[in-house]
């Protein structure tokens, strides 16, 4: 699984970082980013949770 | 408090200060969502009240048609006649919350690092220590006011620390903020609170200039934007905002959460037995008891979802109702501490997402953890009268519990 955070949609709610700090980081201004190239299989469920909890629909699964 | 005529038709004559709305807005939103999802009133000022998640978030994102220059839910003198408003001079308002881009963009960037995840982690020991000392004060007595003795005492002291102002003045700060936010329909009281707050910060500006510390106010005073120091009006507005936004809101969330646990023993027992649920539970409590409604101002006549909105009308950003929308949340009126899918907008949506959301979340979690660690078994005091504040910020103000 590969993920992308759309920087234009992300508003810094940091829900993704709270749910899956292994997958996301968030900078001093609240901007989230994906820190893994490929999401390890054991973290895929967490990744889906992050997608489902983002209030800005900013996280995209770009490949399964 | 001015007299409020009872509301008979919520779709055309709503009033967010009606006691029924303050104590139980949920059933009113349910009715409106099914019959007239964007209600209107001419009370105080022509205002619209969206109740669906889709509408609230769409309006929050449409910053062209819905300005943030006037975010007060209850209009004040500055709404009616800004030229002749004789309150303290806040020519820039409270940026970034009461501003649009470009002022919003750069003032927000100055504030955000103070509330980043990393910084907020650094405020945990202070918050935990504060909560423990508060619980120590009443744990042996078998009773406490969960709102006034606990929830109300926490966020004001943490934000005072961040701002670099004296926590000894916490009660005074709280009183000013309540005058501005909770008693906003009492013009005299509102003005008194605003003056107290701004005059205090005017003095504090000089104090921090002469004795700068490692705090937000001192940093704002030495910050340069495009080579120029910030205008005092900007610093004043930003400092006042940090205090106003950091006090009533989180205190309300902590109070509502404790009220919920006092009245729902199954949830209380579950949270004690499964502490790993806490982060998910915190999001669920934020969803179910979202404290904050902000306003927007319509910039030009527009028809939105069939509603003829006029320039100057207010739109009340009903994030609390959005978070109870059955289109988005299954069984929205049930608190499910393990709710896995929870795209709530308690902290708003779009460019005005609450700048202090990381701090608020941390304070709520630590406050609940420390309370439950010492007082795992508690309930509302028999015959207790719980009172709620509402309007801009909803939460319990008196919440007597026994344990």
- Flagged in segment B:12-47 as farther than 21 Å from residue B:323 by Cβ and over 22 Å from the mean Cα position of the chain (by Cα), in numbering order, are B:12, B:13, B:40, B:41, B:42, B:43, B:46
- Query: Has segment A:49-56 got any residue that is surrounded by 14 or more Cβ atoms within 10 Å (Cβ to Cβ) and out of contact with any helix residue (DSSP H, G or I) (no Cβ under 9 Å at 6 or more places or on another chain)?
  - Reply: yes
- Tell me, yes or no, whether segment B:258-265 has at least one residue that is in contact with a strand residue (DSSP E or B) (Cβ under 7 Å, 6 or more places away or on another chain) and surrounded by 15 or more Cβ atoms within 10 Å (Cβ to Cβ). yes
- Task: All but one of (1) assigned to a helix (DSSP H, G or I); (2) more than 26 Å from residue B:119 (Cα to Cα); (3) in contact with a helix residue (DSSP H, G or I) (Cβ under 9 Å, 6 or more places away or on another chain) hold for residue B:203, so report the exception by its number.
- Result: (3)
- Applying the selection to segment B:40-55, what residues are in a strand (DSSP E or B) and touching a residue at least 60 places away in the same chain (Cβ under 8 Å)? B:40, B:47, B:48, B:49, B:50
- Note on the structure: Within segment B:109-130, the residues that are away from every other protein chain (no Cβ under 14 Å), over 20 Å from the mean Cα position of the chain (by Cα) and touching a residue at least 40 places away in the same chain (Cβ under 8 Å) are B:124, B:128
- Note on the structure: From the option list B:396, B:400, B:376, single residue qualifying as surrounded by fewer than 22 Cβ atoms within 10 Å (Cβ to Cβ) and in contact with a helix residue (DSSP H, G or I) (Cβ under 7 Å, 6 or more places away or on another chain) is B:376
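None of the figures in this text is laboratory data; all of them are computed from the coordinates on show. Owing to the predicted nature of the structure, the values given are computational and were not obtained by experimental measurement. Quick reminder, even Gly has a Cβ in these numbers, built from the backbone with ideal geometry, and neighbours come from all protein chains shown.
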